[in-house]
Structures are given as structure tokens and as C-alpha cells.
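Below is one structure, written out as C-alpha cells, with a few remarks after it.
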Amino acid sequence: MSLVHCACGQGPYNKGKELDRQGLMSDDSTTTTHFGFDTVDEADKAGKVQGVFSSVASKYDIMNDVMSAGIHRLWKDAMMDWLAPRPGQKLLDVAGGTGDISFRFLKRAGYGHATVLDLTEPMLVEGRKRAEAEQMADQLDWVVGDAMALPFDDNTFDTYTISFGIRNVTRPQEALNEAFRVLRPGGRLMVLEFSQLPNDGMQKLYDLYSFNVIPRMGKLIAGDSESYQYLVESIRRFPDQETFLGMVRQAGFENAKYRNLSMGIACLHSGWKI
């Protein structure tokens with residue numbers, strides 16, 4: 001159950017791309033993207049995201065419980081209900097961090113295999129400390145890698161999940177394209193992410209809570225308000241449900257649908273490689 005460091009961006013599936021200083025795919029032109037409400041060079045975003053999650057890794061699971069009053073557990077249960085894992089399936093859990101989704105998947109499946117991939121090694125280290133990791137050691141791999149340049153062959157996995165992670169990817173469309181590539185025909189994509197409430201008044205109340213309370217919780221519990229300020233801002237910058245559904249379809253997935261959770265605070269997107 002050792003950590004594997006991939007040479008992201010290398011291999012036949014990423015020919016023609018150069019590696020930037022972080023080992024991520026890059027081209028010669030300098031483009032910008034958002035990091036929360038800030039504008040940064042694309043080449044710098046991954047390093048900033050790594051900094052955020054390295055800072056909060058040891059308190060990440062605790063903060064999830066506090067921020068959502070434990071509701072994130074119900075959202076993840078809803079994810080597993082819709083996904084309906086089957087015995088023997090191979091899961092790729094991208095931005096899988098502390099392994100929460102992978103553990104749930106393997107328990108539901110009964111037996112199978114999960115590969116937990118994350119850009120931030122300290123998150124994977126925390127995951128390996130959990131009791132479930134010891135119980136499922138022979139069913140788990142832990143890989144440090146990039147969602148936009150997966151170090152796996154085409155048609156490898158039965159299921160691809162990414163939970164509260166795709167909004168942190170520099171180019172989410174490329175991550176979805178990679179998901180399609182590594183899934184086998186008949187494979188399924190499932191994305192759990194924060195989304196947008198359909199009512200402006202409700203959204204304003206939610207924003208009031210998010211921007212005023214969550215960074216303070218981060219300071220109190222994790223000793224880091226800035227990282228949680230970024231996480232709140234990243235939620236507001238993420239595409240709404242219909243826009244993201246279009247991105248899932250653009251990647252090639254069929255029978256793509258979504259389900260709102262808690263009136264749209266979070267959302268599940270599903271698609272099939274057919």
C-alpha cells in the first residue's frame with residue numbers, strides 16, 4: 001500500500017505536450033485561470049492548490065464534518081446509492097485525498113479494487129492512516145498524480161469518481177476528457193461537487209454563511225483561514241449544473257444526468273462511456 005509517484009504527462013497518451021516545473025501538461029503560451037477570486041497563471045494554479053490541501057490535510061476530514069454539519073456523509077451515501085458498486089469492479093478515485101469515497105465504494109461492492117489518485121501527497125498520507133486503509137490494504141493503491149494527465153492506459157477502469165475535487169483542477173474539461181479515456185466501454189463517471197442554489201435569495205444566505213463562517217472555522221480548527229477562504233471562493237466560481245452537464249457531454253459521455261443534493265448546495269453528475 002505504498003505511495004506511487006507518477007511521471008504525469010509522460011507516456012503515449014500525452015505525446016506532444018511539454019512538462020512545466022510541476023510536472024503538469026503545458027504548452028508554450030502563457031494563459032491565466034482563476035484561483036478562487038484571484039487570477040493566476042495556469043502553470044501556477046496546481047502548486048497553489050497543493051499548498052492549500054497540504055496545509056489542511058491533517059484536519060480535512062474533521063473540517064468536512066464541521067462545515068457541513070455532517071451532511072457531506074449523506075451526500076456521499078447518495079453518491080454510492082446512485083453508483084451502485086458491484087463486486088469485482090475497478091475504481092479510479094481522482095482527487096481522492098483521504099480515501100473516503102474509495103472506502104465507501106469497496107464496502108458497498110463487497111470486493112474490488114480502488115486506486116486513489118491525488119495531486120497532494122499529504123492528503124494520501126492521511127488517508128493511509130485511517131483504519132479502513134489497513135482493513136482494505138490489498139484492495140487499494142495510492143498514487144500521486146494529476147487529473148489532467150492520468151498515468152493509466154486507455155480502457156482501464158470500470159468506474160471513475162471525483163468528489164469535491166474537480167473545481168480545483170486547472171482545466172476541468174481536460175480532466176473529464178481523461179476520465180473518458182481511462183474508462184472501459186460501459187464504464188461510468190460520477191462527479192460530486194458543490195453547485196449553485198436555484199433561488200437567488202437562498203444563494204445569498206448560503207454565501208453569507210460560507211464567506212463569514214467557514215474561513216473562521218478553518219482558522220479555529222485547522223489554524224488556516226486563507227485556505228478555506230479559497231475553498232469558498234472556488235465553489236462560487238464553479239459552473240452551474242447545466243453548464244457542467246454540457247462539459248460532461250462534451251467529453252463524450254452519454255446518458256449524462258445530474259441530481260441536486262440539499263436543493264443544489266451539492267450536485268451529482270453521472271455519465272456513461274458507451
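Throughout, read-outs are computed from the coordinates displayed, never taken from laboratory work. All values reported here derive from a predicted model rather than from experimental measurement. Don't worry about glycine lacking a Cβ; one is built from the backbone with ideal geometry, like all the others, and counts go over all protein chains shown.
Values computed for the structure shown
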| quantity | calculated |
| --- | --- |
| Under-5 Å amide H pairs with Thr32, H placed in peptide plane, nonlocal only | Glu42 |
| Too-long pairs where the Cα-Cα distance tops 31 Å, listed order kept, from Lys219/Lys273; Lys204/Lys257; Lys45/Lys219; Lys129/Lys257; Lys107/Lys219 | Lys219/Lys273; Lys129/Lys257; Lys107/Lys219 |
| Calculated FRET value between Asp44 and Arg236, using beta carbons and R₀ = 25 Å, to 0.05 | 0.75 |
| Inter-part distance where the stretch 118-141 and the stretch 227-270 are each reduced to a Cα centre, Å | 26 Å |
| Average Cα contact separation per residue, the stretch 75-166, under 8 Å, 6 or more apart, as relative contact order % | 35 percent |
| Whole-Å semi-axes of the stretch 127-274's equivalent ellipsoid (Cα gyration tensor) | 28, 22, 13 |
| For the stretch 125-238, size of Cβ-based charge dipole, Lys and Arg +1, Asp and Glu -1, in debye | 420 debye |
| Calculated over the stretch 64-184: convex hull of Cα atoms, volume per residue (Å³) | 104 Å³ |
| C-alpha center-to-center spacing [the stretch 164-181, the stretch 64-99] in angstrom | 17 Å |
| Karplus 3J(HN,Hα) series, Hz, for the stretch 227-232 with 6.51 cos²θ - 1.76 cosθ + 1.60 (x for Gly, Pro) | 5, 6, 5, 4, 4, 5 |
| Diffusion constant of the stretch 120-174 at 4 °C, which comes from Stokes-Einstein with the Kirkwood Cα-pair radius and 1.567 mPa s, µm²/s | 98 µm²/s |
| Cβ-Cβ FRET estimate between Gln135 and Ser262, R0 fixed at 22 Å, reported to 0.05 | 0.15 |
| Positive-pole candidate from Pro215, Gln241, His269, dipole of the stretch 184-274, charges at beta carbon | His269 |
| Compactness of the stretch 101-146 - radius of gyration and Dmax, Cα, Å | 10.2, 28 |
| Those chymotrypsin sites (Phe, Trp or Tyr not before Pro) in the stretch 103-211 that DSSP places in a loop and that have at most 16 other beta carbons within 10 Å | Tyr111 |
